[in-house]
Each structure stands twice: as C-alpha cells, then as structure tokens.
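Data first, discussion second: the structure below is written as structure tokens.
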Amino acid sequence: MSYIVAFAGKGGVGKSTLAALTVRYLSDKRKRPILVVDADPNYCLPELLGVSINRTLASVKEEALKNKPEYIPLDEWLEIQVNKIITESKNFDLIVMGRPERDGCYCAVNNVLKRVIKEISGNYNYTVVDNEAGMEHLSRGILNKIDVLFTVSSPAKSSIQAALRIRELLKELNISLEKIFLVINQAQKKLDESEEKYLKRAFEDIYYVYFDREILNLSEEGKSVFSLSEGSVSKENFYQILEVTFDGR
Ligand SMILES: Nc1ncnc2c1ncn2[C@@H]1O[C@H](COP(=O)(O)OP(=O)(O)O)[C@@H](O)[C@H]1O
Ligand SMILES: [Mg+2]
C-alpha cells in the first residue's frame, strides 16, 4: 500500500513549498515511484515541481461524462480519464484535481473518482498530497488514510490556533491517521518551552523550518524546488525532518 504524506494548514504558511520539497527528497533518495496529488483548486505544485500540465481532473470530468460510451462501466471509464491526465516526469507522476464545478457536490461520480484515485495510488510506494487551506473537506474526501500529516503553521499565534483547529477537525473526519506533526515554517526562533509542551499534547512532535530567503526568491521567480541549492536553509531543515519521518521506510 502507498505511504501517504499530506499537508494541511492556513493559506500561505508553506504547505505547497514543503510538499514540493518532500517530492524532491523522495526523488533524491530514490524512494520511487512517487504519486503527487495537488488537491488545491489554486494549484501551484506544477510550477514548484517544474512541470507543465495538460489538464486538470475537474476540467475533463464533465466532458468525460458526456462522452462515456454506454458499454463501458463508469469506474472503468473514469480510470481511463484519470490516467489520461496524469503528468509523468522522470521522478514522479502528478495529478492536479483543479476546481470542482459545483462546491460541495458529493455525487456518485466523485465517489467513484475517489475510489479510482485510491486504486491508482496503490501503484506507487509514496503519495504526496497538497491540500487547500480550508480543512472541512480534507482533499475533498479523497483520503481516508494518511500515514503522516504535516500541519504547517507560521510562527503567528493565529496560525498556530488554526493548526490546533485542524487537529480537532481531523478527529471528526473519518480518516485513519498514523502520525501528525506540527511544522513551524518561516520560523525565526523556537517557540517557548511551555508553548511547545502545550502543543505536544495535540501533535506528536513540533518541527521548525527557518525563514529562507532563497525559497522566497525561487517562488518569486517561478522556479522549481529542484533548482534550490544544496545549502538552502529550508531544504536542509526539512530534509532532516523527513529523514526522521521516513526512518526505515
Ligand atoms: N521557510 C520559508 N522561508 C521563506 N519563505 C517561505 C518559506 N516557506 C514558504 N515560503 C514562501 O511563502 C509563500 C507561501 O508558500 P506556499 O507554499 O505557497 O504556501 P501555502 O501552500 O500554504 O499557501 C511562498 O512565497 C513561499 O516561497
Ligand atoms: Mg498551496
């Protein structure tokens, strides 16, 4: 079964950046094959990973339904469509979900799609999922099992509060969650010991990725994480965290 790593947190805290770094880490360590799912309607992983995509899943779905031949069962037909929109690169395959036409539509088709994506991810050793900021529909219900969830936060109190709310929400969702960590990203310093202690009641551990001018420049220039230098602060910090997380895997 695929080992699933997912990212959650408020908007702008660095989820996509850290998801992209995870993909680079797994590629560097030859931990392949890797499936990447960009489940944020405002997707940005293609750019962060340096690939261009043809279409999103949302954009082909409607059309595919209209054109479905009667003799092919729905799930088989949708599997063909999902396979058509997978972007294959040397190091990973990428599915971009795109924006759903109707918010909150949990129709039969979406359920079939979920099943198809779950089946497809079974062909990969690792699946990396980037989520949108709102957590109500974590990955819009694609995931029912997560091995590692990195809840990302900035050092701001409001962002940490949001991370705690996500932690609470997860308890209400029907997701089997193996490990959940809090990552303070764009950090300038560690949190107070007492605050850390408090947060460790909700999260298995608290990690830090320090502010990195290089990664900010990179996103401003629209470059991928594969062009980050070896000594980049964020890369070094997060690689160390991933080393511990993937220990023995
Ligand atoms: N450790 C860091 N240091 C400096 N800037 C960062 C760091 N992590 C992310 N950023 C920047 O913060 C912005 C938001 O990051 P992004 O990954 O898009 O957030 P999210 O996916 O949570 O909305 C980007 O411009 C990114 O380059
Ligand atoms: Mg993002």
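A short reminder: the numbers here are calculations on the coordinates, not readings from a lab. Note that the coordinates shown come from a computational prediction; the quantities given were computed from them, not determined experimentally. Reconstructed Cβ throughout: ideal geometry from the backbone, glycine too, with neighbour counts over all protein chains shown.
Give me the tail of P(r) for the stretch 1-123 as a percent: Cα-Cα pairs with distance above 25 Å.
On the way: 1882 of 7503 pairs.
Counting every Cα pair in the stretch 1-123, those more than 25 Å apart make up 25 percent.
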What ranking do 42-54, 80-92 get when scored by the average of other Cβ atoms within 10 Å per residue, highest first?
42-54, 80-92
Peptides ranked, highest mean first, by Cβ atoms within 10 Å: ranges 145-155, 169-179, 202-212
145-155, 202-212, 169-179
Can you tell me the length gained on complete extension of the stretch I86 to L173, counting 0.36 nm per residue apart and subtracting the Cα distance?
28.5 nm
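Tell me what the chain gives for mean residue ellipticity at 222 nm when only DSSP H runs of n ≥ 4 count, each as -39,500 (n - 2.57), the sum divided by the residue total, rounded to 500 deg cm²/dmol.
-12000 deg cm²/dmol
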Volume in Å³ per residue [convex hull over Cα atoms, computed for the stretch 3-245]
122
With a point put 7 Å past each Cα toward its Cβ, work out how far N125 is from R201 in nm, to one decimal.
4.0
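Would you be so kind as to identify all helices of the chain, as entire DSSP H runs, whose Cα atoms reach 15 Å or more along the helix's own axis and whose mean Kyte-Doolittle hydropathy is at least 1.6?
Working: long enough: 15-28 (19 Å, 0.21); 74-85 (17 Å, -0.12); 108-121 (20 Å, 0.26); 157-172 (23 Å, -0.31); 233-245 (18 Å, -0.09).
In the chain, no H run is both long and hydrophobic enough.
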Sorted by chain and number, the residues with a modelled amide H under 5 Å from that of K179, at a separation of 5 or more or across chains, are V148, L149
What is the gain in length, in nm to one decimal, between E221 and K157 on full extension, counting 0.36 nm per residue of separation less the C-alpha to C-alpha distance?
20.1 nm
